[in-house]
Structure formats: C-alpha cells, structure tokens
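These notes are about the structure you will find just below.
The values are calculated or read from the model by the stated rules, or taken from the named source; none is laboratory data. Remember, predicted model here, so these are calculated numbers, not experimental data. Here the Cβ positions follow ideal geometry from the backbone for every residue, glycine too, while neighbour counts run over all protein chains shown.
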Amino acid sequence: MEPINVLTVDLKSLNINSVKEGGGKETRSLRVEGNDGKKFAFRSVEKFPDAAIPEEFRKTLVEKLAQDGLSASYPYGVLSMGVLSTSARVPFWKNKLVCIRDDSTLGKYKVN
C-alpha cells in the first residue's frame, strides 16, 4: 500500500461566492467560484451509479455491489493522469486529492 498526501481545503479562505452541484452518471461534484473569478471543481472519490443502474436493480444488493466495485476499482486514478499524459505529451487538467472541511460556505451542500 502506498501512502498519499491529502490537502485540506478551507473554502472560506478561497472567498467563495457561488457553489453549484455538478457531476455525471457516477460522480457527484461541486463547482465553486471565488470572488477573484477563479473556478474549482471538486469531484467525489466515492461513486454513485444509481443513474446508470436499471430501475429494477435500484435499492438492491446489485446497486450496492456496483457502487462498491466502482468506488474501489481505482479511486485515485485521476492522480495518475499527470504522469501518463506528460509521457504521452497529451494536455491534461492538473488534479489534486483534497478534503473539504465541513463549512457553512457549502450552504445546502453542507454535510449534516
């Protein structure tokens, strides 16, 4: 097992002025914008495949197994992209693994 470093983000220090939900079929994300116009997208490591699961399998063991399998398959895959993309000379977004503090800036997206 390889240790990883995780930064803790304090949204208040970024002077966030807008927060909105994003994401696709399996990932939940938050898009935030600072007062200075800088934009950030935070994506969950945990996956939520419910939108990709047929209705008859939702809320069943099949959905739970799919969620566990997707989340555990390669949760830090995005961190490999820099090394691989640089080697292949392909442009890429620079990503970092971070933890967002439970912060009132998140508004309705705040974890209770």
Practice problem: Among the candidates ARG31, ARG89, ARG101, single out the residue that is of a type in the set (D, E, K, R) and free of Cβ contacts under 8 Å to residues at least 12 places away in the same chain. | Solution: ARG89
Quiz item: When you look at GLU46, is it under 18 Å from the mean Cα position of the chain (by Cα), of a type in the set (D, E, K, R) and either surrounded by 12 or more Cβ atoms within 10 Å (Cβ to Cβ) or over 25 Å from VAL6 (Cβ atoms) (or both), yes or no?
Solution: yes
Quiz prompt | Filtered residues of the stretch 30-61 (kept if closer than 18 Å to LYS12 by Cα and not basic (Lys, Arg)) | solution = LEU30, VAL32, GLU33, GLY34, ASN35, ASP36, GLY37, PHE40, ALA41, PHE42
Self-check item: Listing of strands (runs of 3 or more DSSP E) fully contained in the stretch 5-65 that carry 2 or more residues being farther than 17 Å from LYS94 by Cα
Solution: 16-23, 28-34
Practice problem: Identify the residue in the stretch 99-112 that is surrounded by 12 or more Cβ atoms within 10 Å (Cβ to Cβ) and of a type in the set (A, V, I, L, M, F, W, C) and, among all such residues, is modelled with the highest pLDDT. | Solution: ILE100
